[in-house]
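The values are calculated or read from the model by the stated rules, or taken from the named source; none is laboratory data. None of these values were measured; they are calculated from a predicted model. Glycine also receives a Cβ, built like all others from the backbone with ideal geometry; neighbour counts cover every protein chain displayed. The area values use the complete protein model at the heavy-atom level, side chains included, leaving out ligands, DNA and RNA. Shrake-Rupley method; radii C 1.70, N 1.55, O 1.52, S 1.80 Å.
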Amino acid sequence: MTFDEKYFDVGRLDRLSYQSTCVHQLDPRAKVVATVLFLFTVISFPKYEVGGLIPFFLFPVLLMTMGEIPFLFVVKKVLFVSPFAIFIGIFNPLLDTGTVAVIAGMPISAGWISFVSIILKFSLTISAAILLVATTSFPGVCHALRQLGFPSLFTSQLLFLYRYLFVLMEEAMRIIRARDMRAFGTRGTGIKVFVRLIGILFLRTVDRAERVYYAMLSRGFQGDMPSLRKSRIAMTDMAFMATMITFLVVFRFFPVTEEVGRFTQELFR
Amino acid sequence: MSHHIVEFQDVHFSYPDGTIALNGLSFKIFHGESVGIVGANGAGKSTLLMHMNGYLHPASGRIHVGDFQLDSRTCQEIRKKVGLVFQNPDDQLFMPTVYEDVAFGPLNLGVSPELVKESVDQALATVGCTALKDKPPHHLSSGQKSAVAIAAVIAMHPDILVMDEPASNLDPKSRRKLINLLKCFEHTKIIASHDLDLILDVCRRCILIREGRVAADGPTKELLSDKALLEENNLELPLSMQKCGA
Amino acid sequence: MHMADALLSPAVGATFWAGTIAVSGYASKKLKEQIDDKLIPLMGVLGAFIFAAQMINFTIPGTGSSGHLGGGMILAIILGPYAAFLVMASVLTVQALFFADGGLLALGCNIWNLGFYPCFLVYPLIYKPLVGGGKNPGRILVVSLLSAVVALQLGAFSVVIATLLSGKSELPFGAFVLLMQPIHLAIGIVEGFVTAGVINYVRSTRSEILESSAATISLGPAVSLKKVLITFAVLAAITGGALSWFASTHPDGLEWSIERVTGKDELPGQEQGIAPLLKGIQEKTAFLPDYGFKQAGKASKKGEPPPAWPGIEGGTSASGIIGAVIVLGMIVLIGMGIRAVRRRQNEQ
Ligand SMILES: Nc1ncnc2c1ncn2[C@@H]1O[C@H](COP(=O)(O)OP(=O)(O)OP(=O)(O)O)[C@@H](O)[C@H]1O
Ligand SMILES: [Mg+2]
């Protein structure tokens with residue numbers, strides 16, 4: 001992806017996170033905790049599990065539809081993400097060749113099954129992470145982290161990072177456009193020019209930090225970031241958590257997929 | 001009786017790299033005045049404004065704001081009196097949402113949450129940005145950002161409003177709105193700008209700075225119609241004056 | 001290279017998170033003691049800077065391929081280890097959330113790999129002692145190269161270990177190391193050049209920045225504490241790793257332990273009920289596996305198929321596949337249904 005594409009992509013995700021659907025209105029803490037539980041449940045499945053993972057797609061699908069997050073947007077994000085898991089996982093079919101199943105006459109090796117399992121886990125975990133911001137907003141996640149006991153120093157500067165992310169991305173984008181306009185192919189895009197650009201961006205950033213600090217002082221900043229946010233866990237949040245936990249426990253410990261399959265087979269026997 | 005509220009006495013200042021930015025600057029500003037600060041690029045306007053709030057300390061000379069002489073002990077008090085609106089609103093709006101940003105000042109002053117809410121709502125209403133309350137600053141247009149930056153300052157009820165280039169990013173309509181807004185403030189106002197028409201509209205008195213010194217000080221109408229003086233300082237007659245002349 | 005959720009086992013993921021949280025807490029505490037208010041906005045804005053800078057690609061000389069900045073070393077040099085670690089953690093958090101780089105469980109591991117090593121090992125043990133007064137550009141270049149290479153090698157090795165301990169990948173240790181370390185050697189060299197370039201540029205134009213920031217945060221009195229912390233962290237990583245080895249290696253974790261205990265390769269009824277889970281947790285700390293890294297996979301695979309895959313006989317696997325298709329179909333239908341309802345609501 002080029003810089004512009006990445007920038008617009010982040011911007012779009014950010015905008016989606018400021019909608020006000022029922023999912024967006026849930027308490028951020030509930031969503032953070034639910035996501036973490038979801039992730040742990042998904043990766044706790046053993047290496048060769050495929051069927052048991054399928055029902056878990058219900059979670060991202062519900063978030064996407066109830067939260068009005070465009071399906072294709074999430075799919076694209078999942079596809080474009082750094083492919084490390086796939087890159088490593090693809091070795092499984094090559095190395096783990098014992099045949100474990102024959103489907104429609106085709107022998108399937110254990111490696112393929114564990115690879116499919118990695119792909120499924122990959123899609124589930126990545127989409128869950130994206131949907132968490134897309135339905136909670138970044139500041140929401142930060143406040144949730146703060147309330148869940150993360151150090152305030154960490155969350156305050158995380159909020160600063162978020163606030164200046166867009167400002168600096170725009171600044172970087174202007175610098176890059178200026179570079180590419182005069183780079184003619186790859187000649188101006190080498191490491192020397194890059195270092196200079198980064199250096200300039202860095203100095204501007206430090207000056208900006210100084211001005212931001214002045215702005216904070218001028219409004220009485222004395223070392224603590226005050227917050228007005230006081231969220232109370234509502235009934236809907238409790239209900240959400242309860243559903244979520246039931247969902248996770250049921251799908252984790254009962255072979256739902258297989259039962260459905262067996263039931264269908266019985267039905268058509 | 002009008003008492004002076006800001007006084008600079010022979011203030012000198014140079015940046016760490018040796019650039020002399022203020023070089024014997026002196027003036028007095030009285031309660032309720034609206035003063036424009038004009039001058040060429042690099043004349044020292046921004047540096048001067050940074051002194052009013054104690055971000056920069058003079059190398060020599062004295063600065064009084066209200067009853068205090070500015071030094072590192074009094075600058076907390078002085079910052080409560082002086083509301084500084086920065087040249088670039090992105091530097092000033094540092095909280096994740098508009099509402100939190102405007103509330104930042106009052107909360108730091110230790111105001112109770114109900115009163116904070118009241119003054120935030122009031123400040124946002126004054127600048128006409130109530131609807132933007134829950135937006136993050138990076139989703140706002142430049143004009144909206146400037147307006148919110150002003151709201152963030154007036155929510156602290158300062159005695160003196162100090163602004164650096166308030167209209168630099170605004171389209172003509174937003175600029176007009178800003179001018180009308182500034183005109184109806186009763187605060188003491190100090191505005192540094194290259195937009196001489198804005199100064200002419202809003203400020204009755206004008207101080208011209210050259211190379212870190214006061215080059216001229218007087219009623220805006222007189223000062224800004226002195227073509228020779230203006231040209232000497234890289235400035236031009238305000239558009240409205242040009243029309244009058246022709 | 002970012003570690004990914006899909007390759008992690010819960011035990012390994014949790015161990016790295018525990019380490020990361022412990023170090024973050026420690027770093028925050030340290031910073032709070034000596035903090036200069038100015039640091040909070042500086043850290044945040046510099047985090048945004050690193051994030052933006054990472055998005056800029058440049059051409060790597062001689063290869064034509066493009067690289068980008070990591071930033072851990074630059075941050076450590078400018079902010080000192082405590083603040084740099086927190087900033088790196090924030091940058092990676094934003095990446096995990098906005099770009100889904102890696103994922104949220106792997107985030108602990110990624111913060112550890114890209115934050116802990118450069119900030120708490122390489123900076124105090126290599127960069128700081130070797131760079132001297134930090135006035136000589138040539139020396140800065142050499143030391144930065146060395147630091148960046150070491151930091152990235154450590155990080156890459158850590159990814160290998162985490163992946164192997166998690167047991168989701170079949171890659172044998174040797175091959176994995178051969179795959180990861182050379183790539184990261186190249187990345188490390190580029191990172192070293194960029195780090196030195198930026199530091200030298202800043203030093204030549206605005207040296208006061210470097211002097212005011214890193215120098216003020218002294219490492220002096222904290223060193224012994226840090227050693228303790230590092231030892232503790234390394235121990236935690238090793239024990240955590242060892243634990244997760246039981247939990248999740250071939251042939252898969254829990255089932256495997258249960259199988260060892262019950263002596264059967266198929267469990268009666270539901271193989272994944274709560275009782276065996278608890279039993280498994282109890283068992284896995286009770287004995288050691290009697291074979292090592294590589295044989296584990298081989299031994300279990302060559303002869304009989306891995307017992308963890310339940311549907312080896314025709315009947316089960318067929319119902320598994322049918323079930324998967326139906327469940328997936330139902331989820332799609334549910335999704336489309338909700339979407340249709342929403343759309344109708346919105347139109348009204
Ligand atoms: N951070 C800095 N470090 C060193 N020199 C500076 C710094 N900021 C400003 N200067 C110098 O100080 C002098 C006064 O600058 P100042 O920003 O006050 O001018 P200004 O009147 O606000 O100009 P403009 O109209 O362009 O905003 C200039 O010569 C400028 O180069
Ligand atoms: Mg200026």
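Students often check this: by mean Cβ neighbours within 10 Å, which of A:254-261, B:211-218 ranks highest, and how do the rest follow?
On the way: A:254-261: 20.9, B:211-218: 16.8.
So the order, starting with the most tightly packed, is A:254-261, B:211-218.
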Would you please put B:69-80, C:188-199 in order of how densely packed they are, using the mean number of other Cβ atoms within 10 angstrom per residue and starting with the highest?
C:188-199, B:69-80
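Within the set B:K80/C:K30; B:K80/B:K135; A:K121/C:K30; B:K45/C:K38, which residue pairs have Cα atoms separated by over 28 Å?
Numbers: B:K80/C:K30 31 Å; B:K80/B:K135 26 Å; A:K121/C:K30 38 Å; B:K45/C:K38 24 Å.
Among B:K80/C:K30; B:K80/B:K135; A:K121/C:K30; B:K45/C:K38, the Cα-Cα distance tops 28 Å for B:K80/C:K30; A:K121/C:K30.
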Going Cα to Cα from C:K32, which aspartates and glutamates come in below 12 Å? Please leave out same-chain ones fewer than 8 positions away.
A:D224
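Cβ neighbours within 10 Å, averaged per peptide: list A:60-73, B:150-163, A:122-135 in order, most packed at the top.
Result, highest mean first: A:122-135, B:150-163, A:60-73.
Measure off, as a whole percent, the carbon and sulfur share of the 1.4 Å-probe accessible area of chain B, all protein chains present.
Details: 5260 of 10780 Å².
Ligands and nucleic acids excluded, carbon and sulfur give 49 percent.
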The stretch B:117-246 - share of DSSP beta bridges that are antiparallel (%, nearest 5)
55
Mind giving me the FRET efficiency for A:T21 and C:I209? R0 is 41 Å, r the Cβ-Cβ distance, nearest 0.05 is fine.
0.35
For the pair B:S112 and A:S152, the simple spin-label estimate (label points 7 Å beyond Cα toward Cβ) gives in nm 2.2
Average partner coverage of C:334-346, which counts Cβ from other chains inside 10 Å
3
Share of pairwise Cα separations in the stretch B:4-244, more than 30 Å, in percent
25
Probe 1.4 Å, all protein chains present, accessible-area order of B:Y55, A:Y18, largest first
A:Y18, B:Y55
Heavy-atom accessible surface that C and A bury in contact, both chains counted, 1.4 Å, Å² to 100
10000
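Between C:R343 and A:R174, what is the FRET efficiency for a Förster distance of 45 Å, r being their Cβ-Cβ separation, to the nearest 0.05? If you can, show how the numbers build up before the last one.
Details: r = 39 Å, r/R0 = 0.87.
According to the calculation, E is roughly 0.70.
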Return the average number of partner chain Cβ atoms within 10 angstrom of each residue Cβ along peptide A:36-45.
6
Determine the calculated [θ] at 222 nm for chain B from helices alone, applying -39500 (n - 2.57) to every DSSP H run no shorter than 4 residues and normalising by the residue count; nearest 500 deg cm²/dmol.
-10500 deg cm²/dmol
Folded to 0 to 90 degrees: helix B:98-108 orientation relative to chain B principal axis, Cα:
80
Angle check, please: helix B:113-126 long axis (alpha carbons) against the longest principal axis of chain B (alpha carbons), in degrees 0 to 90, nearest 10.
50
Skipping prolines and chain starts, which residues have an amide H placed within reach, meaning under 5 Å, of the one on B:T188, given they are 5 or more residues away or on another chain?
B:G32, B:L161
Rounded to the nearest Å, the spacing of the alpha-carbon centers of the stretch B:60-112 and the stretch A:1-71 is 40
Most mobile of A:I233, A:I108, A:I43 per a Gaussian network model of chain A (Cα springs, under 10 Å)?
A:I108
Within 10 Å of each Cβ of A:110-117, how many other protein chain Cβ atoms are there on average?
4
Helix A:71-80 versus the longest principal axis of chain A: what is the Cα-based angle in degrees, 0 to 90, to the nearest 10?
80
What residues have an amide H closer than 5 Å to that of B:V214, excluding those fewer than 5 places away on the same chain, when H is modeled at 1.01 Å from N in the peptide plane?
B:S26
Interface B:A - total buried accessible surface [probe 1.4 Å, Å², rounded to 100]:
2900
Which of the aspartates and glutamates could a cross-linker bridge to A:K192, judged by Cα under 20 Å and excluding same-chain residues fewer than eight apart?
A:E171, A:D180, C:E191
